[in-house]
Amino acid sequence: MRVSNETKVGALTVIAVTIIILGFNFLKGKTFFKSGTFIYAKYADTKGLIVSNPVFVNGFQVGTVFEIENMNNNLSELVVCIKLNQLYKIPKNSIATIQENPLGTNAINIIQGTSSSLIVSGDTIQSAPATSLLGDLMNELSPVGEQVKNTISSLELVLNNVNKTLNDENRQNFKVILDNLSATTINLNKSLASIEGMVNQQNGSIAKTADNLNAFTANLNQNNQKISNILTNLDSTTKSIKDADLYETIKTLQTTLVSLNKTISKLNNGNGTASKLLSDPAMYNQLQSTIKSVNTLVDDIKVHPKRYISVSVFGKKDKRTPLTKPLSDTVDHE
C-alpha cells in the first residue's frame, strides 16, 4: 500500500507542530511527563510569578516554577509547584519567599532552616509573604521610619503644649524674662571686663592686694626671730605654770571654800552670837537701844559738859535737865 504525498506532508506537519509545542513547554520548564523532584509552596498572592521563573537557594538556582494552581474558586490560596533540578539537601523548616524584582524576573528564594530532617519530593515547604528589593529596603528603613514617626508625634505634642502654654500673657512674661536675661548678660560682660581690667592692670586691686600680701610675708620673714622669741617665752611661761604646784593650791582653795560654807551654814542655822545677831530681832533691837543710849550720853556731854567736868574755881554745877534722846543731828547721822 502506497502512502500519498499529501498524507506524508500532513503527518510531518502534525509531528512538527507536536515537537514545537513540546519544545516550547520544555523551554518553559513544563513537560507533559511529570517526572523529577517536585515540592510545593502555598501563597495568598504570587505577586505575578509565572511558570519557568527561577528558584534560588543562597543565590544558586536549584529549580524552576513548574506550574501554579488555585485551591479554590475565590483564589484565596494558590499552590506553586517547584521542580528541583535534583534532590538537594534542604531542611524541612526552610521557608520559600517570592522575591519581587521590578527591573527583572520574579523568583522564589528558599531560606534554609536548621532542621536535621530534609525535604523529599512531594513535600510542601513553608512559605512567607512576598518580598521585593524595594520591600527589603523598606523593611530595613521601617524601624527608622517608625522612630521618625514617633518623634514627629512627640514633637507635635510638645508644640501643641507649647502653643497652649504660650498664651498672650505668658508670651509677655517670657519677653520680660528674656529682656532681663539680656540685661543680666550685659552686666555680666561688664563685670567680666572689670575683673579682666583688675587682673591686667599693674595697679589694679588684685595687683595691690598681691603687693600687700607680699609685703606682709616679707614683714613676717623679717620678724621671724622675734616671733620665735615670743613663742619661746610663751613656751617657758606655759612650762612654769605647768611646773607650779597648782594641785596643792587648788586643794587649799577647796578646803577654804568648805570652811566658808560651814561658817555660812552656821550663820544661816542660827548658832552662835553672829548668827543670832543676823537672825534674832530682839538682839538687834537691844543693840539699837544700847547704841541710842550711848549716842544720848555723848550728846548730853557735848551739851552739858559742866555736868560731868568742872574746871572753874568759881564755877557751879550744871543743873539743867539731862537729855533723854540723842540730838537731831545725831539721829540724822544714824
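Bear in mind these aren't lab numbers, they're just calculated from the coordinates by the rules spelled out. This is a predicted model, so every value here is computed, not measured. In this analysis, Cβ positions are derived from the backbone assuming ideal geometry, glycine residues included, and neighbour counts consider all displayed protein chains.
To the nearest 20 debye, what is the magnitude of the charge dipole of the range 34-130 about its Cα centre, counting +1 on the Cβ of each Lys and Arg and -1 on the Cβ of each Asp and Glu?
On the way: 6 positive and 6 negative charges, 55 e Å.
I would put it at about 260 debye.
On full extension of the chain, what length is gained from L192 through L87, given 0.36 nm per residue of separation minus the C-alpha to C-alpha distance? Walk me through the numbers on the way to the answer.
Values: separation 105, 0.36 × 105 = 37.80 nm, distance 8.50 nm.
Gain in length upon complete extension: 29.3 nm.
Which peptide among 82-90, 116-124 comes first, and what is the full order, when sorted by highest mean count of other Cβ atoms within 10 Å?
On the way: 82-90: 15.7, 116-124: 12.3.
The peptides rank, most packed first, as 82-90, 116-124.
Are any of the pairs K42/K89; K266/K292; K47/K83; K47/K92; K239/K262 more than 31 Å apart by Cα-Cα distance, and if so, which?
Numbers: K42/K89 21 Å; K266/K292 29 Å; K47/K83 19 Å; K47/K92 24 Å; K239/K262 36 Å.
Violating the 31 Å Cα-Cα cut-off are K239/K262.
Could you check the spin-label model distance between I291 and A16? Points 7 Å from the Cα along Cα→Cβ, value in nm.
So the label points at I291 and A16 sit 17.5 nm apart.
Hey, for a label at I50 modelled as a point 7 Å past Cα toward Cβ, could you say which residues of the range 58-93 have their backbone N under 18 Å away?
64-70, 80-83
Among C81, I108, F56, whose Cα projects farthest towards the positive end of the dipole of the range 34-130, with charges put on the beta-carbon of Lys, Arg (+1) and Asp, Glu (-1)?
F56
How far is it, in nm, from the label point at K239 to the one at T217 when both lie 7 Å from their Cα along the line to the Cβ?
So the label points at K239 and T217 sit 3.3 nm apart.
Mind giving me the nanometre distance, one decimal, between the label points for L257 and K302, set 7 Å out from Cα along Cα→Cβ?
4.8
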